[in-house]
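Below is one structure, written out as structure tokens; comments come after it.
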Amino acid sequence: MERDRTPLREKVYNYLRSELAQGNLEPGRYIDMASMAESLNISKTPLRDALILLEADGIVTIYPRKGIMVNPVTVDTIRDIYQIGSGLESVLMISVFDYIAPVHINRMKDIIHQAMKDFELDDFSRAYDLNRLFHSVFHDLSVNVPLRKQLDDVYDRLFNFPARNFDSPEVKAEELDYWKEHTTIVELIEKGKKKEAADFIRDVHWTLKEGYTKALHVLLPCKG
């Protein structure tokens, strides 16, 4: 069996990202490095390295001689991340458009079909994963590794934010409309409309929907 050669700092980084996504590291909380290193049975060095990576992601702030704080999340933070994602994915679409083949289009259609079948059964449990899968079909065509990494980071950040409450009819309706936008993206690709597809992704698909925004205002503070 091949030995896992993943650097320890990266393992710790991924573990902390998972803890954040599961809500085990709450925004505004200070991290005690000594106790966390002890609980993970590691030295402070890989933990410190992982926290530096998280600070670069904007997830924590390291205060010298004070500690490490998990940054508070606001509605404005989420809106800012959406804006970044819209620009990155629009640029990526332009760069890979000419390499999207019928096999990729059919794969995207299959994913849309899977999602709509779930939604007909009032099952939204796979909505995020299927969305990520849909976008990965054309993301994976890009040879621009830094661009893909930045876009992956955006998707990871969004996963750390409060999930949509699919008990809300308004949010359910928005999710259905969101998946209809996936169909529009596929149609634009099939028609060879590169600029229109990129513009649609930037200006329509990556907008923070009203119902989700209202729900976030209940859960989270605003900057202003």
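The values are calculated or read from the model by the stated rules, or taken from the named source; none is laboratory data. It should be emphasised that the depicted structure is a prediction, and the values quoted were computed from it without experimental measurement. FYI the Cβ positions are ideal-geometry reconstructions off the backbone, even for glycines, and counts take in every protein chain you see.
Overview of results
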| read-out | value |
| --- | --- |
| Residue list for segment 166-196, filter: exposed (fewer than 15 other Cβ atoms within 10 Å of the Cβ) and of a type in the set (K, R) | K180, K191, K193, K195 |
| Failed item in (1) modelled with pLDDT of 90 or more; (2) not assigned by TED's automatic domain parsing to the domain that holds I112, with W206 passing the rest | (2) |
| Set Y99, Y128, Y63: member being closer than 30 Å to Y30 by Cα and in the same structural domain as A173 (by TED's automatic domain parsing) | Y128 |
| In segment 112-130, residue farthest from Y178 (Cα to Cα) [restricted to those that are without any contact (Cβ under 8 Å) to a residue 40 or more places away in the chain and of a type outside the set (D, E, K, R)] | L121 |
| Criterion: touching a His at 6+ places or on another chain (Cβ under 9 Å) and without any contact (Cβ under 8 Å) to a residue 60 or more places away in the chain - qualifying residue of V75, V12, V96 | V96 |
| Residue within segment 167-184 that is within 15 Å of I94 (Cα to Cα), among the β-branched types (V, I, T), assigned by TED's automatic domain parsing to the domain that holds Y82 and modelled with pLDDT of 95 or more present | no |
| Elements of type helices (runs of 4 or more DSSP H) in segment 16-129, at least 1 residues being surrounded by 13 or more Cβ atoms within 10 Å (Cβ to Cβ) and hydroxyl-bearing (S, T, Y) | 75-96 |
